[in-house]
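Everything on this sheet refers to the single structure shown next.
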Amino acid sequence: MDSFSTLWCLFGAIIIDLYAGSWFRAGKSLWHPKNILNWLVEKLAGKLDRQGRSSNTLLIRGVLSLLCTLSLAALVGVVAHWSLREVPFGWVLELAILTSLVSVGNSWKVGNLLASSLELGSTEDARQQLAIFSSRDATYSDSDEITRLGIESVIANFVSDFIGPVLFYVMLGLPGCFMYYGLRLSASCRGSREYVMFSRGLIAVVDGPLSWLGSMLLLGAVLLCSETSPTGALLEGRRAIVVGRGIQYRLAKSVAAGALGISLEGPRRYLSGQVERPYLGSGPPPSPRDLVQVVKLALATAGITAASILACAVLF
């Protein structure tokens, strides 16, 4: 697929996702590309990650498993792409596949439900809503911490499930998009520390540029929104470069925190006790209204991205 048609397909996928994101959510559907890749990753982990193996053996097996996953994902992407080129209206199917991999529109529904539960004071219901789009354990969290976790999850999902697939599709097409999710699923699989060490190290390297790109795009949405502070976003973004190392997507989270004048991250409460973590932002704890505002920023950023892609498709 040439760059012109690739950009048009990507533009269509973003617009469809913004309008009907929940229709393409993975869930437990066997047909969904993410679930197929996840099944492959878990199957390989079950075969290769065995107890009693040495650390070096597990590390080598983890590398081999990742290479196998990426190679197969790339092969499937190439075959699917070239096959669809030979089929009349095959681009429609590729558009559907890409829309299932680009995800940001569903955050509106989930974010509003979580904000409503928090406003009603239903902490238990808020924990259940948070579990829909976050793997963080909120069993011992109060309402302020759940709100923080909700905002952080919106930002994390925006970077990983929107910025990531969009960038890899622009660079490498459908094979790149499949490879990106293959890497992400390999890094998050339930394996021993040694088995997933290489995958997690590699995804940490990939997440760095994605966080930078996501923060720049979020800043563009902040400039267009009258309820946010561009100055605060810039100041907190600059501060995040040297503060909060080890926090995933810290730059994108800092931009959002500075734009709204709130604080994110901070200590976390678990059964074993409280884990101290640095705050991002110097404002008060976020409110449910701030959660909705962050969702709006994510959707506005997706719209800006779609407009930029459309401009490139028309010009080039």
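Determine, from the Cβ-Cβ distance of M216 and V314 and an R0 of 30 Å, the FRET efficiency 1/(1 + (r/R0)^6), rounded to the nearest 0.05. It comes out at approximately 0.85. Less than 5 angstrom separates the built amide H of A138 from none of the residues sequence-distant by 5 or more or on a different chain. Distance between the modelled labels on N56 and A20, one decimal in nanometres: 5.5 nm (7 Å Cα→Cβ projection).
Here the label points at L202 and Y270, each 7 Å from Cα along the C-beta direction, are separated by 2.7 nm in the simple model. Between Y279 and G266, the built amide H atoms are under 5 Å apart, and every one of these is 5 or more places off in sequence or on another chain. Residue by residue, the range 219-225 carries 3J(HN,Hα) couplings of 4, x, 5, 4, 5, 8, 9 Hz when phi is fed to the Karplus relation 6.51 cos²θ - 1.76 cosθ + 1.60 (θ = phi - 60°); x denotes Gly or Pro. Most tightly packed first, judged by the mean number of other beta-carbon atoms within 10 Å of their residues, the peptides 111-122, 207-218 read 207-218, 111-122. Computed over the range 101-226, the Cα gyration tensor eigenvalues convert (square root of 5λ each) into semi-axes of 28, 20, 12 Å, ordered from largest to smallest. Measuring r between the beta carbons of R238 and R136 and using R0 = 25 Å, the FRET efficiency lands at 0.40.
Over 21 Å apart: what share of the alpha carbon pairs of the range 179-263 falls there, rounded to a whole percent?
Tail of the P(r) past 21 Å holds 39 percent of the pairs.
Work from the charge dipole of the chain (Cβ charges, +1 for Lys and Arg, -1 for Asp and Glu, about the Cα centre) and give the residue of Y19, L149, V104 farthest towards its positive end. Result: L149. Looking at the range 221-316, the GluC sites (Glu not before Pro) that sit in a DSSP loop and have at most 14 other Cβ atoms within 10 Å of their own Cβ are E227, E276. Residue-wise HN-Hα couplings along the range 231-240, as the Karplus relation 6.51 cos²θ - 1.76 cosθ + 1.60 with θ = phi - 60° gives them from phi, are 5, x, 5, 5, 5, 5, x, 5, 5, 5 Hz; Gly and Pro carry x.
Taken together, the values in this text are just the output of simple stated rules run on the coordinates, not laboratory data. Fair warning: this is a prediction, and the values are worked out from it, not measured in the lab. Cβ atoms come from the backbone with ideal geometry, glycine included; neighbour counts cover every protein chain shown.
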